[in-house]
Every structure is written in structure tokens, then in C-alpha cells.
1. Evaluate the relative contact order of the chain (contact order divided by residue number), counting alpha-carbon pairs under 8 angstrom at least 6 apart; express in whole percent.
2. Take the alpha carbon atoms of the range 148-187, find their center, do the same for the range 11-86, and report the distance between the two centers in whole angstrom.
3. Treating cross-link reach as a plain straight distance, find the lysines whose alpha-carbon is under 29 Å from the alpha-carbon of Lys107, omitting any fewer than eight places away in the same chain.
4. Based only on Cα atoms, what mean projected area does the convex hull of the range 26-66 have, in nm²?
5. Which order do the peptides 65-76, 136-147 come out in when sorted by mean C-beta neighbours inside 10 angstrom, highest first?
6. Work out, step by step, the length gained on full extension between Leu51 and Asn23: first 0.36 nm times the residue separation, then minus their alpha carbon distance; give nm to one decimal.
7. Pairing the Cα long axis of helix 165-177 with the longest principal axis of the chain, what angle in degrees results, from 0 to 90 and rounded to the nearest 10?
8. Relative to the longest principal axis of the C-alpha atoms of the chain, give the angle of the C-alpha long axis of helix 104-113, reported between 0 and 90° and rounded to the nearest 10°.
Amino acid sequence: MLKLAITGAAGRMGRALLEACHNAEQTQLGAAIDRRGSSLIGTDAGEQAGLGVFNTKIVDDISSVSSNFDTLIDFTHPDATIENLEVCRATGKQIIIGTTGFTEQQKQIITQASKQIAIVFAPNMSVGVNLSLKLLEMTAKVLGDEVDIEIIEAHHRHKIDAPSGTALRMGEVIADTLGRDLTQCAVYGRQGQTGERDRKTIGFETIRAGDIVGEHTVMFAGIGERIEITHKASSRMTFANGAIRAAIWLAQHQVGLFDMQDVLALND
Ligand SMILES: NC(=O)c1ccc[n+]([C@@H]2O[C@H](COP(=O)([O-])OP(=O)(O)OC[C@H]3O[C@@H](n4cnc5c(N)ncnc54)[C@H](OP(=O)(O)O)[C@@H]3O)[C@@H](O)[C@H]2O)c1
């Protein structure tokens with residue numbers, strides 16, 4: 001049985017992860033952690049998530065429970081994830097990183113840590129989104145520079161980063177396929193006298209509203225036709241189940257940096 005620790009246990013994804021861990025046959029909860037000062041420290045992880053008593057109290061110090069788990073699943077905040085990653089690196093634990101919004105420097109810290117421990121790092125753990133990434137690669141390969149490419153994403157009002165990590169990942173996959181550099185060709189929103197569209201740009205539009213769990217549409221628009229590839233998540237359980245699947249898959253690896261394409265065997 002794989003023993004998991006879940007950080008941000010009182011958060012939206014944390015609660016979904018507790019449920020997914022509880023439902024999976026190959027995993028059990030070893031530790032639940034949340035932010036120092038949270039009113040839920042000391043409460044039962046299962047009870048606060050409305051899942052019944054788990055007999056695992058939420059703690060605020062990951063180091064104090066590091067002997068209780070094999071793999072950490074972290075969907076929190078970039079600064080918290082980097083701190084938790086350091087504990088995993090020092091104690092030889094595996095980590096699944098679902099947090100989004102990292103700086104380039106923080107991404108380098110993750111890459112560096114993967115020389116010592118095994119890491120799955122993916123801005124979207126949903127199986128459907130990762131299949132969509134493969135479809136985007138295929139579509140970009142066939143349509144090339146003949147079409148205008150726009151990425152439109154929508155999320156709930158509480159999301160703190162934009163565009164979403166998933167939208168950026170979609171942009172990276174398309175840019176890589178077309179031999180473009182996303183840092184040079186991305187256009188984030190438009191307003192005023194923008195001039196004509198440059199075919200080699202990739203546009204991003206962001207919507208933040210209500211309780212939308214996560215929607216992404218990529219439009220490949222040519223003259224006379226357009227293709228739209230859309231993914232809609234209706235429950236956070238899709239991300240949570242993907243993270244559990246990643247943790248089970250990662251158990252066979254000692255070191256390395258992997259993404260969900262590796263977990264789902266979608267990489268060529
Ligand atoms: N990869 C994927 O598939 C996927 C899917 C969905 C979401 N996400 C990402 O996952 C992250 C969490 O999303 P969410 O909707 O669950 O957010 P959330 O509800 O705000 O949950 C985040 C949790 O982390 C805790 N936290 C925040 N800062 C912390 C810190 N410095 N130290 C310790 N704990 C801290 C929060 O505590 P407080 O409430 O006390 O601040 C909260 O319990 C975001 O980056 C989001 O973009 C990824």
C-alpha cells in the first residue's frame with residue numbers, strides 16, 4: 001500500500017485529494033498538512049472534508065510527519081510547494097506537484113531536485129486534458145502556420161494566476177511543435193489599436209467567473225474552416241484521481257522529472 005501525504009489538506013484540491021486517496025485501492029493516507037495558523041490544524045482530515053473519521057490529524061509541520069509517507073501530493077501555493085519539495089529532497093520522498101504559477105527560477109529548483117528524487121510536475125493532472133495536449137500536437141503538426149491559433153480559458157473567481165498553467169502548457173506544446181518560442185510569440189489579451197494579427201502569434205484570453213472548475217478551448221482558425229479542441233472539467237475529482245494515478249505510477253521510479261504525458265504513456 002502506497003502511503004500518501006497531502007498538503008493544503010483543507011483547500012479545494014486538498015479535500016478532493018483526500019477523497020481520491022480514500023477511494024483508491026492502492027493508496028492510504030499517511031499525513032495531512034496545511035498552513036501554519038490555519039484553524040483546521042489538529043482536526044481530523046477526513047472529518048473536515050466531510051468524509052468521516054480518518055484518524056489522521058492535520059498538522060502544520062511536514063517535517064514532523066515525514067516518516068509517515070512515501071509520496072507527497074502538493075496542490076498549494078508556489079512558495080509552499082518549494083518549501084515542501086526541500087523536505088522531500090532531504091528525506092528522499094517522492095512528490096507529485098500540481099501547484100501552478102511558478103517563476104522560472106522556482107521551476108529550475110524543481111528540475112534540480114529531480115536529480116535526487118522522483119517528481120511528477122504537471123499543471124493539469126486530468127487524463128482528458130493530457131489527451132487533449134496530444135491532439136493539439138497532432139493538429140498543429142498538420143495545420144502548421146496556415147492557421148491563427150487562440151487559447152481561451154475560463155476558471156472560478158478564486159483562481160489567483162492567469163493565464164492558467166494548463167493554457168500555458170497548451171501554448172508551449174503548440175509552440176514547440178511549430179518551432180516557435182512561446183515567450184516571443186504569446187499575446188496576452190488585446191485592447192485598442194492592435195493592428196492586424198501576426199499569423200505566428202499565439203493568443204491567450206482569460207475568463208474568471210463564478211464556480212467554473214476549468215475550461216480550455218484552442219482554436220485553429222483558417223480561411224473557410226476552423227478546428228476547436230475543447231476540454232471542460234466539471235469536478236475537481238478528475239485532477240485528484242489523476243494525481244493518485246501519477247503517485248502510483250511514480251512509485252517505480254527513483255529519480256527524474258516526469259509529467260502526465262509520461263504517466264499516461266502519451267510521449268513518443
Ligand atoms: N495540476 C492540476 O491538475 C490542478 C488542478 C486544480 C488546481 N491546481 C492548482 O493547485 C493549487 C491549489 O488550488 P486550490 O484551488 O486547491 O487552492 P486553495 O483552495 O486555495 O487551496 C490551497 C491550500 O494550500 C494552502 N496554502 C496556501 N499557501 C500556503 C503556504 N504558504 N503554506 C502552506 N499551505 C498553504 C491553503 O491554505 P489557506 O487557505 O490557509 O491559504 C489551502 O489550504 C493552485 O496552484 C491551482 O492552480 C492544479
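1. Details: 512 pairs, mean separation 54.9, N = 268.
20 percent.
2. Comparing the Cα centres of the range 148-187 and the range 11-86, I get a distance of 30 Å.
3. Lys3, Lys93, Lys115, Lys134, Lys141, Lys159, Lys200, Lys232
4. Details: hull surface 12.5 nm².
For the range 26-66, averaging the hull's shadow over all directions gives 3.1 nm².
5. Working: 65-76: 21.5, 136-147: 15.2.
Highest to lowest by the protection proxy: 65-76, 136-147.
6. Values: separation 28, 0.36 × 28 = 10.08 nm, distance 1.05 nm.
Roughly 9.0 nm would be gained on extension.
7. Long axis of 165-177 versus the principal axis of the chain: about 50 degrees.
8. Around 50 degrees separate the two axes.
Here, each number is a calculation from the coordinates, and none is a lab measurement. Everything numeric in this text was worked out from a predicted model, so none of it was measured. Methodologically, a virtual Cβ is constructed for each residue, glycine included, from the backbone with ideal geometry; neighbour enumeration extends over all protein chains shown.
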